[in-house]
Amino acid sequence: MRRLGSVQRKMPCVFVTEVKEEPSSKREHQPFKVLATETISHKALDADIYSAIPTEKVDGTCCYVTTYKGQPYLWARLDRKPNKLAEKRFKNFLHSKQNSKEFFWNVEEDFKPVPECWIPAKEIEQLNGNPMPDENGHIPGWVPVEKNNKQYCWHSSVVNYEFELALVLKHHPDDPGLLEISTVPLSDLLEQTLELIGTNINGNPYGLGSKKHPLHLLIPHGAFQIRNLPSLKHNDLLSWFEGCREGKIEGIVWHCNDGCLIKVHRHHLGLRWPILDTYMNSKPVIINMNLNKYDYAFDTKCLFNHFLKIDNQKFGRLKDIILDV
């Protein structure tokens, strides 16, 4: 199977969207909703959405694997944002926007500083060698996850740079109805984006671990393909999300042949998220550390060591995995 698309920029909705002046159920204090119409967007049609691969949109935080200090590293998402003066100027422009006008950014002066190791995301527009902000006024980018950086401690928990390994959740290779938690060489994940999920990420919609025993995992983007999606019609998708077991997910991401990614979120259809019983938690999961041929000695407090203790065990749900850490 071909490697699916990498998430390096904001994904457009599969439908044309409209703004309703109602309080958002997705973001607190947002006085409006962005809802899907019944019209498929030009971007989706141009990307040949009908031949794209639909996958589950997983609710976590986006990560990226690329080289740093000569070895594969996990990178965390860090958008470069405008300073207060530039943000105020941008918001004033949006509120008085006219079709004939275009907002001008001074990239060297309008944005807050970022760490020297920061890199811009791929595929974003550039002008005179400078990465340009998206429609929200942010420049998407990445910073390497250093081992002792407290800000990214949950990112750090799923990688081991000494042995260059990552803790990954995906389908079992021989049984699509079974999930597998395993160690994967970081070199196998180079130039891929993944989703970090777990106890301390985005309100933990999948119910992983606990405050006392936190649990975090990486999921490669596109890992959970959707096999029985209905026709690409607003009402059919709405019924699928509401009535099918497979529809108990945050949303859908279509991976198009040209590398374009198109999405629809439950909120686009007026549906709530998170929900109590997700599709991810309806599948059994097995632990497969696959480290027998290595002589590993992990830190006793790290996730890798505690997964070794329950290697080859099978659980009814991800929620059932309790690590004595």
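The values are calculated or read from the model by the stated rules, or taken from the named source; none is laboratory data. The structure displayed is predicted, hence computed values, not measured ones. Cβ coordinates were reconstructed from backbone atoms using ideal geometry, including for glycine residues, and neighbour counts include every protein chain displayed. Ligands, DNA and RNA are stripped out before the accessible areas are found, and what is left, the full protein with its side chains, is counted by its heavy atoms. Shrake-Rupley method; radii C 1.70, N 1.55, O 1.52, S 1.80 Å.
Averaged per residue, what accessible area in Å² does the chain show with a 1.4 Å probe, protein chains only? Don't skip to the end; give the middle numbers.
Numbers: 17600 Å² over 325 residues.
Result: 54 Å² of accessible area for each residue.
Just reorder ASP320, ASP174 by solvent-accessible area, largest first, 1.4 Å probe, all chains present.
Numbers: ASP320 65, ASP174 130 Å².
Listed by decreasing accessible area, they come as ASP174, ASP320.
For a quick check of understanding: with a 1.4 angstrom probe and all protein chains in place, what accessible area in square angstrom does HIS172 have, to the nearest ten?
Roughly 40 Å² of HIS172 is accessible to a 1.4 Å probe.
Out of PRO12, PRO230, PRO131, any idea which swings most in a Gaussian network model of the chain, alpha carbons joined below 10 Å?
Of the options given, PRO230 has the highest mean-square fluctuation.
So for the range 103-225, averaging the separation of alpha carbon pairs under 8 Å that are six or more residues apart and normalising by length, what relative contact order in percent results? Please list the in-between numbers first.
Numbers: 153 pairs, mean separation 21.2, N = 123.
17 percent.
Report the net charge of residues surrounding TYR161, where surrounding means a beta-carbon distance below 10 angstrom and charges are Lys +1, Arg +1, Asp -1, Glu -1. Intermediate results must be reported in sequence, preceding the final value.
Working: positive: LYS69, LYS147; negative: GLU146, GLU162, GLU164.
Summing Lys/Arg as +1 and Asp/Glu as -1 gives -1.
What translational diffusion coefficient, in µm²/s and rounded to a whole number, does the Stokes-Einstein relation yield for the range 240-325 at 10 °C and a viscosity of 1.306 mPa s, taking the hydrodynamic radius as the Kirkwood radius over Cα pairs?
Rounded to a whole number, D works out at 98 µm²/s.
How high is the FRET efficiency between VAL114 and SER187 when r is their beta carbon distance and R₀ equals 30 Å, given to the nearest 0.05? Can you show the working numbers first?
On the way: r = 27 Å, r/R0 = 0.89.
Calculated transfer efficiency: 0.65.
Taking only Cα atoms, what is the 0 to 90° angle, nearest 10, from helix 234-243's long axis to the longest principal axis of the chain?
30
Quick one: compute the contact order of the range 51-105, relative version, from alpha carbon pairs under 8 angstrom and 6+ residues apart, as a percent. Please list the in-between numbers first.
Working: 22 pairs, mean separation 10.6, N = 55.
After rounding, I find 19 percent.
Can you tell me which lysines have their Cα less than 17 Å from the Cα of LYS43? Leave out same-chain residues fewer than eight positions away.
Cα-Cα hits under 17 Å: LYS10, LYS233, LYS263.
For P(r) over Cα pairs in 10 Å bins from 0, in percent, one of [x] 6, 26, 33, 23, 10, 2, 0; [y] 6, 21, 26, 21, 14, 8, 3, 1, 0; [z] 5, 23, 33, 26, 11, 2, 0 was computed from the structure I shared and the rest are decoys. Which label?
Of the labelled values, this structure produces [z].
Roughly how tilted is helix 84-95, in degrees to the nearest 10 and between 0 and 90, from the longest Cα axis of the chain?
Orientation of helix 84-95: about 60 degrees from the principal axis.
Over the chain, with every protein chain in place, what whole percent of the accessible area is carbon and sulfur at 1.4 Å, could you tell me? List each step's numbers first, then the result.
Working: 8440 of 17600 Å².
Whole-percent figure for carbon plus sulfur exposure: 48.
Given contacts defined as C-alpha pairs under 8 Å and at least six residues apart, what's the relative contact order of the chain, whole-number percent?
On the way: 603 pairs, mean separation 75.7, N = 325.
This gives 23 percent for the chain.
Tell me which GluC sites (Glu not before Pro) from the range 191-296 have a DSSP coil assignment and no more than 16 other beta carbons within 10 Å of their own.
Working: sites: GLU191, GLU195, GLU242, GLU246, GLU250; in loops: GLU191, GLU250.
Passing sites in the range 191-296 are GLU191.
Could you sort HIS95, HIS138 by their accessible area in this structure, using a 1.4 Å probe and putting the largest first?
Values: HIS95 160, HIS138 50 Å².
Ranked from most to least accessible, the order is HIS95, HIS138.
Measure off 7 Å from each Cα along the Cα-to-Cβ vector at SER239 and ARG89, then give the distance between these two points in nanometres to one decimal.
5.2
Assuming R0 = 51 Å, what is the FRET efficiency of MET132 and ASP175, from their Cβ-Cβ distance, to the nearest 0.05?
Details: r = 45 Å, r/R0 = 0.89.
That gives a FRET efficiency of 0.65.
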